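The values are calculated or read from the model by the stated rules, or taken from the named source; none is laboratory data. This is a predicted model, so every value here is computed, not measured. Backbone-built Cβ (ideal geometry, glycine too); neighbour counts: all protein chains shown. Heavy atoms of the whole protein, side chains included, go into the accessibility calculation; ligands, DNA and RNA do not. Shrake-Rupley method; radii C 1.70, N 1.55, O 1.52, S 1.80 Å.
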Amino acid sequence: MRRETQRLILLLLPAGIFFGGFFLIPMADLFMIGGSGKTGWAAYAAILTDRNYFNSLISTLAVAAATTVATLIISGISGVFLQRHKFPGNAALVAMLTFPLAFPGVVIGFMVIMLAGRQGLIGQITQAVTGEKVVFAYSMAGLFMGYVYFSVPRTILTVMAAAEKLDPKLEEAARSLGASPLRVVRDVIIPGLKPAFISAGAICFATAVGAFGTAFTLATRINVLPMVIYTEFTLSANIAMAAALSFVLGAVTWIVLALARTAAGSTVAAAG
């Protein structure tokens, strides 16, 4: 028994060192720096009491939640369809949908500008049709578009892998009992994909909360927490406040991921 305990400790030791060195120690350091400024520990309370910080936090969470919902809808429909319908060009289409994984946030920001910026394609089309140019690249709508663009590749592969394990007999049984296609989706497919949706959605949410490159590229009228942290650190030299905001951002992300891991479980309605 003692030998098994020692073996378990040896196996967990590398993970413990990694977790401590790359998570616990940096987070503890951020927490201490956040309380070392002129306002002391009140810097953490300022995140909720200061209108600028609080609005940036709400905006960050809102755009991340909207991105997660939109991404799961797009990836859910596309992933199940592509997994179950093999046609010429299927592999090429999947490759195209996952290609944005190779792009950093700055490149995606420039792509949004090319599409919805002042000289973008959408503006040119709307000006030709209505006489007014529609420009939204430099707003939360543009940021949302960019976030969805780089979030879909991160979730569609997870959905496709989960959809492959779904037992088609459950759907056949539901249809034989008179269930409509919509009810089959609601009562069979979605519950079967629930663990994948929760896990992929949590990663999507966490990525959108902390994404900086796209927001930096489109930052004309965008007030999200990563940009506020950048401004506090570089322009205002308010290192303590930047650390406090970073700690809160990291804590929120960790909580979401932990809750999602607990809720997701590890099972799907697998084929026999």
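Taken over the stretch 107-136, residues that are surrounded by 14 or more Cβ atoms within 10 Å (Cβ to Cβ) and either of a type in the set (V, I, T) or under 16 Å from A211 (Cβ atoms) (or both) amount to 11.
Only one residue in T158, T126 is touching an Asp or Glu at 6+ places or on another chain (Cβ under 9 Å) and among the β-branched types (V, I, T), so which one is that? Before you say what the answer is, go through the steps one by one.
Numbers: T158 fails: touching an Asp or Glu at 6+ places or on another chain (Cβ under 9 Å).
Matching residue, one of T158, T126: T126.
Kindly indicate the residue of the stretch 166-178 that is of a type in the set (A, V, I, L, M) and open to solvent by less than 30 Å² (accessible area, probe 1.4 Å) and also nearest to L82 (Cα to Cα) among those meeting that condition. Within the stretch 166-178, the match that is nearest to L82 (Cα to Cα) is L166.
Could you list, in sequence order, all residues of the stretch 124-177 that are part of a loop (DSSP other than H, G, I, E, B), within 22 Å of R221 (Cα to Cα) and either in contact (Cβ under 8 Å) with a residue 40 or more places away in the chain or in contact with a Phe, Trp or Tyr (Cβ under 7 Å, 6 or more places away or on another chain) (or both)? Those that are part of a loop (DSSP other than H, G, I, E, B), within 22 Å of R221 (Cα to Cα) and either in contact (Cβ under 8 Å) with a residue 40 or more places away in the chain or in contact with a Phe, Trp or Tyr (Cβ under 7 Å, 6 or more places away or on another chain) (or both): A137, Y138, S139.
From V152, V159, grab the single residue that is touching a Pro at 6+ places or on another chain (Cβ under 9 Å), of a type in the set (V, I, T), at negative phi and buried (at least 16 other Cβ atoms within 10 Å of the Cβ).
On the way: V159 fails: touching a Pro at 6+ places or on another chain (Cβ under 9 Å).
Only one candidate passes the filter, namely V152.
Look at (1) touching a helix residue (DSSP H, G or I) at 6+ places or on another chain (Cβ under 9 Å); (2) open to solvent by less than 80 Å² (accessible area, probe 1.4 Å); (3) not hydrophobic (A, V, I, L, M, F, W, C) and you find that P191 fails only one, number (1).
M114 meets all of the listed conditions (1) at pLDDT below 90; (2) part of a helix (DSSP H, G or I) but one, namely (1). For the stretch 82-106, the candidate set comprises residues that are surrounded by 12 or more Cβ atoms within 10 Å (Cβ to Cβ) and without any contact (Cβ under 8 Å) to a residue 40 or more places away in the chain; within that set, the residue that is nearest to the chain's Cα centre (by Cα) is L93.
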